[in-house]
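Some notes on the structure that comes next.
The values are calculated or read from the model by the stated rules, or taken from the named source; none is laboratory data. Because the structure is predicted, anything quoted here is derived from the model rather than measured. Virtual Cβ from ideal backbone geometry, glycine too; neighbours counted across all protein chains shown.
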Amino acid sequence: MMNWIEIGTINDIPRRGARCVNTPHGKIAVFRTMEDQIFAIDDHCPHKGGPLSQGIVHGAAVTCPLHNWVISLETGKALGADEGSVKTIAIRLDGDRILALLELATVAAE
Amino acid sequence: METAAKKQKLVVIGNGMAPGRALEHLFEMAPETYDVTIFNAEPRVNYDRIMLSPVLSGEKEFEEIIIHGDGWYIKHGITLYKGHKIIGIDRQAKTVTSDAGTIESYDKLLIATGSVPFVLPVPGNNLPGVLTYRDLDDVNAMLLAAQSRAKAVVIGGGLLGLEAAAGLKSRGMDVTVLHIMPTLMERQLDPAAGYLLEQAVEQRGIRVMTKASTKEILGQNKVEGVLLADGTTLPADLVVMAAGIRPNAMLAKEAGLETNRGIVVNAGMQTSDPDIFAIGECAEVAGQCYGLVAPLYEMARVVSAQLADDADAKFVHSETPTKLKVTGINLFSVGDLGEGDDRQEIVLRDAAAGVYKRLVLKDDRIIGTVLYGETSDGAWFHDLTKKRTDISEMRDTLIFGQSYQGGSPLDPMAAVAALPDDAEICGCNGICKGKITGAISGKGLTSLDDVRVHTKASASCGSCTGLVEQLLVLTLGDSYNPSAVTPMCSCTDLGHDDVRRLIKAKKLKSIPAVMQELEWKTSCGCAKCRPALNYYLVADWPDEYADDYQSRFINERVHANIQKDGTYSVVPRMWGGVTNSKELRAIADVVDKFAIPAVKVTGGQRIDMLGIKKEDLPAVWADLGKAGFVSGQAYAKGLRTVKTCVGTDWCRFGTQDSTGLGIRIEKFMWGSWTPAKVKMAVSGCPRNCAEATCKDVGIICVDSGYEIHFAGAAGLDIKGTEVLGLVKTEDEALEHVVALTQMYREQGRYLERIYKWAKRVGLDEIRRQIMQDEVKRRGYFDRFVFSQTFAQVDPWSERVSGVDKHEFQPMAKIGYQQAAE
């Protein structure tokens, strides 16, 4: 089941920077661009799994810190000559609050 | 005789621009419907609040900005209570009560309480001399304070703050603007335009401090100064808080109306009580509050129609351009300035004229516009956005504005050919076209450098380089072969050397400054140019440049080396490779405590702990710090290691104290940033156990002194060092090594190792400057020492103390939800 879950506020992320959110399905990386756009993608480069949250953010793209693949934050697709893509996560802003559309894994209560 | 129909009672709370406009519409549409009563907390009639800045600056008188004089209220039979603040609404009884005790009943109520200035919650914010900027009383208080011609601090570098600052300055005060963000008006402007604005504001003699966070307002009985979070104290006799506004929804909230940030209204401006409406800055419609006048007037139009029984009138959101009302500063901003894959941008920068234009396009339509310096086409661009005009036909000339549209697209070469001989090509040096083409044919010039030498054209800022090259092509035809300067990246046509030269020549001290003045083709650079620019600025302006962490590679941002699985490795400094039992024990304890999976001795004589989780880094450093360790900067484009052998202390062949000299060099030079990594070594005798002859800089101790080597490599390329020269004393050895490194710091291209730089510059030239030219050597040495006073801060202890905390913790942890039973 997908839910809008609050993951923080826009002020938690530096401009041209990123923060991580840990989820039961792995880490997601949440980016804030110079223009205050917020994007979220899986924190996993399609090339060799590099942590995209650690890359340099420029425009609406991030450069992976391991091998310099450039990934579009909007589509999750590798830009330039490289091919591959990473899952994007829908984001909604409510004032300063950031909500992400996430699937909640369910465990049975004891 | 009875009147045709009994008039309803309309009570208006607030007498600003929005209700004023609403009543004008209402009296036109339904003149006989309402008896109107207005309560105005300000003791005056309705005036044009957005024109307060010209009143403050002295360009207008208050009388000139009055919208409705007393006569207007009389003419329309309005009862206006001046200086009455409403303190309660009784929705059951349908009455309002003012602070003077007046009770008035209503059939319909219109709330237009506007907004309240945001007052920073810092100590001293209520001292006499601390003002906000909202109404005429504030302006009068500022004017009174300005008579002292003393010091004013304006907190907030947005629209209001800058207007207040310009006004106070023109009244003779010494004004400083504090802004918490890195660039001014960051909500409306992108960083490039923000930079130009900052320049223009400073040119008026107003000091601007960005990234300035106010901690406290100082003073005993009145304001005496402002204390910033970084410890700076600014003396001040007047402090103006212009850090933003908040919708004034308190009264509505107390009356039980639905409020959020503002008073929640539907598209008909109706609150949760059908007899109560709200408009202006206090209203929140479709989740949005407004502060600019155009949408507020639109609200006024809607509410008057609703009050006149037109239920179809609905408020529709529209973007409003921002303009700054400071004489002589032209800026225009509207729409969506974000970047994205599906978007393209057209950027025009004219550094000489101080012009910056940026259009954001999506699906061949303009969705955002920023204009600085030259704003006459703002309305036209905005109109294209509103009409969703397809601009693909005029795309090539779009940025030049309306007057360039139609006609055939310009061929740049034809355009240059068509220029008259007296057309100025190089604005910096005043060189016209005829002089350049004359010199090319008359003196037989064949290259850009020739033209620069003979005419000075394009020799200063370089922004006319393209034009000069076109003139070379025009004059020489195919025989001109443009010199192959490799651009730094696709964001610019300039090579690294030109960029470095221009940073110094034009005194560019921030990344937005470089991008504007050197006419960058993108608004925010890329992962190639940003780290390079950041290094050049750190190296050239060590005391003035504020390091931009977001432009550093991750390793330099978190002071550890990222590994293939996203964990990090940590290498503490071991001066000269020397350690002891206490240090080793501390490392062993850290390895156990944090379950560090791998420990390895490095080629640079120290210990690497691999596989540390990012979240654990600050705690690891804290423990290492307690044992006296500082960061080994094993991640830095900077000084890495100084490898040593045991020298005269132990070795039967040692000629000098190589260990001591290595440690001395490392302690002197740690923390310095360089174009690429720098590894050094000191060997105690020519047997060279420290392998000094394949390092960036190496020293071989001999009986007669110290032989200094440089430009070795043992990585992608393998190369033995070159000899720089022989010096007699340890002091001289240190001075020469430091001077050599500084020369490289000033000339190297980002990521260019010393051996490549040396090959490019010439070994002889380096020897001449460092070994023979004492003045040059001392100059390099002194500049390095100066730069070190800012660089030698241990990044680990800084992080342990809480700097950049956000880097190391996830923003959120989303757990499992429990299934309902």
Six or more apart or on different chains, Cβ atoms under 6 Å: show the pairs whose first residue is in segment B:779-794 and more than 13 Å from B:W673 (Cα to Cα) and surrounded by 15 or more Cβ atoms within 10 Å (Cβ to Cβ) and whose second is β-branched (V, I, T) and modelled with pLDDT of 95 or more.
B:F781/B:V738
Would you point out the residue of segment B:144-154, among those that are of a type outside the set (G, A, S) and modelled with pLDDT under 90, that is nearest to B:S115 (Cα to Cα)?
B:L144
Restricting attention to segment B:525-532, does a residue exist that is without any contact (Cβ under 8 Å) to a residue 24 or more places away in the chain, closer than 30 Å to B:K667 by Cβ and aliphatic (A, V, I, L, M)?
no
Residue among B:L109, B:L56 that is surrounded by 13 or more Cβ atoms within 10 Å (Cβ to Cβ), closer than 24 Å to B:M299 by Cβ and in contact (Cβ under 8 Å) with a residue 60 or more places away in the chain
B:L109
Given the options B:G172, B:G157, name the one that is assigned to a loop (DSSP other than H, G, I, E, B), at negative phi and either away from chain A (no Cβ under 14 Å) or modelled with pLDDT of 90 or more (or both).
B:G157
Matching residues in segment B:582-607 (small (G, A, S) and within 22 Å of B:G647 (Cβ to Cβ)) number 2
Any strands (runs of 3 or more DSSP E) falling wholly within segment B:655-734 and containing at least 2 residues that are assigned by TED's automatic domain parsing to the domain that holds B:R783 and more than 17 Å from B:G603 (Cα to Cα):
B:697-702, B:705-710, B:722-727
Against the condition outside any helix (DSSP H, G or I), surrounded by fewer than 24 Cβ atoms within 10 Å (Cβ to Cβ) and within 28 Å of the chain's Cα centre (by Cα), how does B:L120 come out, does it pass?
yes
Failed item in (1) of a type in the set (D, E); (2) under 15 Å from B:R777 (Cβ atoms); (3) free of Cβ contacts under 8 Å to residues at least 40 places away in the same chain, with B:E735 passing the rest:
(3)
The correct count of residues that are in contact with a strand residue (DSSP E or B) (Cβ under 7 Å, 6 or more places away or on another chain) and buried (at least 24 other Cβ atoms within 10 Å of the Cβ) in segment A:50-60 is 6
B:P810 vs. criteria within 14 Å of chain A (Cβ to nearest Cβ) and crowded, with 18+ Cβ neighbours inside 10 Å:
yes
Please indicate, with yes or no, whether at least one residue in segment B:549-559 is assigned to a loop (DSSP other than H, G, I, E, B) and either without any contact (Cβ under 8 Å) to a residue 24 or more places away in the chain or under 21 Å from the mean Cα position of the chain (by Cα) (or both).
yes
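Matching residues to (1) small (G, A, S); (2) surrounded by 12 or more Cβ atoms within 10 Å (Cβ to Cβ); (3) modelled with pLDDT under 75; (4) within 21 Å of B:K357 (Cβ to Cβ):
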site: B:T389; (1), (2), (3), (4): no, yes, no, yes
site: B:E393; (1), (2), (3), (4): no, yes, no, yes
site: B:D396; (1), (2), (3), (4): no, yes, no, yes
site: B:G401; (1), (2), (3), (4): yes, yes, no, yes
site: B:G407; (1), (2), (3), (4): yes, no, yes, yes
site: B:P412; (1), (2), (3), (4): no, no, yes, yes
site: B:D421; (1), (2), (3), (4): no, no, no, no
site: B:I425; (1), (2), (3), (4): no, yes, no, no
site: B:G430; (1), (2), (3), (4): yes, no, yes, no
Could you please let me know if B:K756 is free of Cβ contacts under 8 Å to residues at least 60 places away in the same chain, within 14 Å of chain A (Cβ to nearest Cβ) and among the basic types (K, R)?
no
Specify the residue that is nearest to the other protein chains (Cβ to nearest Cβ); the eligible residues are those in segment A:1-27 that are part of a loop (DSSP other than H, G, I, E, B) and more than 21 Å from A:A61 (Cα to Cα).
A:P24
So which residues in segment B:279-308 are of a type in the set (V, I, T) and outside any helix (DSSP H, G or I), if there are any at all?
B:I279, B:V285
Inside segment B:761-804, counting only helices (runs of 4 or more DSSP H) that do not spill past its ends, which hold 1 or more residues that are within 36 Å of the chain's Cα centre (by Cα) and closer than 20 Å to B:Y535 by Cα?
B:774-791, B:795-800
Would you tally the residues in segment A:51-99 being among the charged types (D, E, K, R) and within 11 Å of another protein chain (Cβ to nearest Cβ)?
4
Could you tell me whether segment B:309-331 includes any residue that is within 14 Å of another protein chain (Cβ to nearest Cβ) and part of a strand (DSSP E or B)?
no
When the residues of segment B:499-538 are filtered to those that are surrounded by fewer than 24 Cβ atoms within 10 Å (Cβ to Cβ) and small (G, A, S), which remaining residue is farthest from the other protein chains (Cβ to nearest Cβ)?
B:A505
When residues of segment B:276-308 are limited to those that are within 14 Å of chain A (Cβ to nearest Cβ) and either of a type in the set (A, V, I, L, M, F, W, C) or touching an Asp or Glu at 6+ places or on another chain (Cβ under 7 Å) (or both), the one surrounded by the most Cβ atoms within 10 Å (Cβ to Cβ)
B:C289
Members of segment B:364-392 that are within 14 Å of chain A (Cβ to nearest Cβ) and either closer than 25 Å to B:E198 by Cβ or part of a loop (DSSP other than H, G, I, E, B) (or both):
B:G368, B:T369, B:V370
For segment B:560-581, how many residues meet the condition of being under 28 Å from A:H44 (Cβ atoms), free of Cβ contacts under 8 Å to residues at least 40 places away in the same chain and more than 9 Å from chain A (Cβ to nearest Cβ)?
0
Assuming B:T183 fulfils every condition listed in (1) of a type in the set (S, T, Y); (2) farther than 28 Å from B:N330 by Cβ; (3) within 14 Å of chain A (Cβ to nearest Cβ) apart from one, which condition is it?
(2)
Quick count over segment B:202-218, residues being under 18 Å from B:E544 (Cβ atoms) and either within 14 Å of chain A (Cβ to nearest Cβ) or in contact (Cβ under 8 Å) with a residue 40 or more places away in the chain (or both), is 3
Condition set acidic (D, E) and closer than 22 Å to A:R15 by Cβ, scope segment B:539-559, selection nearest to the other protein chains (Cβ to nearest Cβ): answer is B:D548
Could you check segment B:229-256 and list, in sequence order, the residues that are under 30 Å from B:I87 (Cα atoms) and in a strand (DSSP E or B)?
B:V239, B:V240, B:M241, B:I245, B:R246, B:P247
Specify which of the listed residues (B:V264, B:V201, B:V208, B:V226) is surrounded by 23 or more Cβ atoms within 10 Å (Cβ to Cβ) and not in a helix (DSSP H, G or I).
B:V226
So, of the residues in segment B:65-79 that are part of a loop (DSSP other than H, G, I, E, B) and of a type outside the set (A, V, I, L, M, F, W, C), which turns out to be surrounded by the most Cβ atoms within 10 Å (Cβ to Cβ)?
B:H68
